[in-house]
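What follows is a single structure, written as structure tokens, with notes after it.
The values are calculated or read from the model by the stated rules, or taken from the named source; none is laboratory data. These numbers were taken from a predicted model, which means no experiment stands behind them. Please note: Cβ atoms are built from the backbone with ideal geometry, for glycine as well, and neighbour counts cover all protein chains shown.
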Amino acid sequence: MVDPLTGRSVGNVMLAHPWAFETIRTQHEIQTMPAIHYILHDGTEHALDAPLGDSVMIIAKDNDLQGILAECGGACSCATCHVHIDPSWIDRLPPKEDLEEEMLEFVEGADETSRLSCQLKITEDMDGLIVHVPENQY
Ligand code: FES
């Protein structure tokens, strides 16, 4: 086997590039992976594969989706990952934790459909979730 980065033979040694492990998924995971639908302010819709356990924010960032800044990286301390949940999904998501509620109080344009996308972890029953990304986060 040849290391694609160095061109050197590495025999039967397993290559241990960190990104290689991040992208390996089992066939079962691929077949059962939910899709999340992001609707941007301009009306465009993006249906993205959503690995279980990832957050709605991480999926957007991993796919270079515009509109979700996530400046704190998911620590629930910036509120720049604000999204509006489609009304058809509001009652189907887990309730907000106290910290998320507090952070949303400072978000301009927040309403009863607002969530912080970093706090929404993907589960199997979230397949088809629709989130609306606001025009801006400030
Ligand atoms: S990424 Fe900062 S609160 Fe969600």
* Given the conditions (1) at pLDDT 95 or above; (2) surrounded by 10 or more Cβ atoms within 10 Å (Cβ to Cβ); (3) away from the ligand (no atom under 16 Å from the Cβ), and given that residue 69 satisfies all but one, which numbered condition is not satisfied? -> (3)
* Asked: Is there a residue in segment 78-87 that is charged (D, E, K, R), surrounded by fewer than 13 Cβ atoms within 10 Å (Cβ to Cβ) and either more than 14 Å from the chain's Cα centre (by Cα) or more than 12 Å from the ligand (Cβ to nearest atom) (or both)?
  -> no
* Considering only segment 94-114, state which residues are within 16 Å of the chain's Cα centre (by Cα) and surrounded by fewer than 17 Cβ atoms within 10 Å (Cβ to Cβ). => 94
* Any chance you could count how many residues in segment 51-87 are under 14 Å from residue 36 (Cβ atoms) and not in a loop (DSSP other than H, G, I, E, B)? => 11
* Report the residue count in segment 88-110 for those that are charged (D, E, K, R) and either under 15 Å from residue 36 (Cβ atoms) or in contact with a Lys or Arg (Cβ under 8 Å, 6 or more places away or on another chain) (or both). => 3
* **Selection count, segment 49-59, where residues are of a type in the set (A, V, I, L, M) and more than 10 Å from the ligand (Cβ to nearest atom)** => 3
* Structure fact -> Among the residues of segment 37-57, the number that are closer than 17 Å to residue 114 by Cα and crowded, with 19+ Cβ neighbours inside 10 Å is 4
* Asked: Residue check: is residue 100 near the ligand (Cβ under 10 Å from one of its atoms), modelled with pLDDT of 95 or more and under 12 Å from residue 137 (Cβ atoms)?
  -> no
* For segment 88-138, which residues satisfy the criterion of being part of a helix (DSSP H, G or I) and more than 19 Å from residue 70 (Cβ to Cβ)? -> 88, 89, 90, 91, 92, 98, 124, 125
* To do: Inspect all residues belonging to segment 111-132 and state whether any of them is closer than 18 Å to residue 34 by Cα and among the basic types (Lys, Arg).
  => yes
* Asked: Checking residue 90 against (1) away from the ligand (no atom under 12 Å from the Cβ); (2) within 16 Å of residue 137 (Cα to Cα), which test does it fail?
  -> (2)
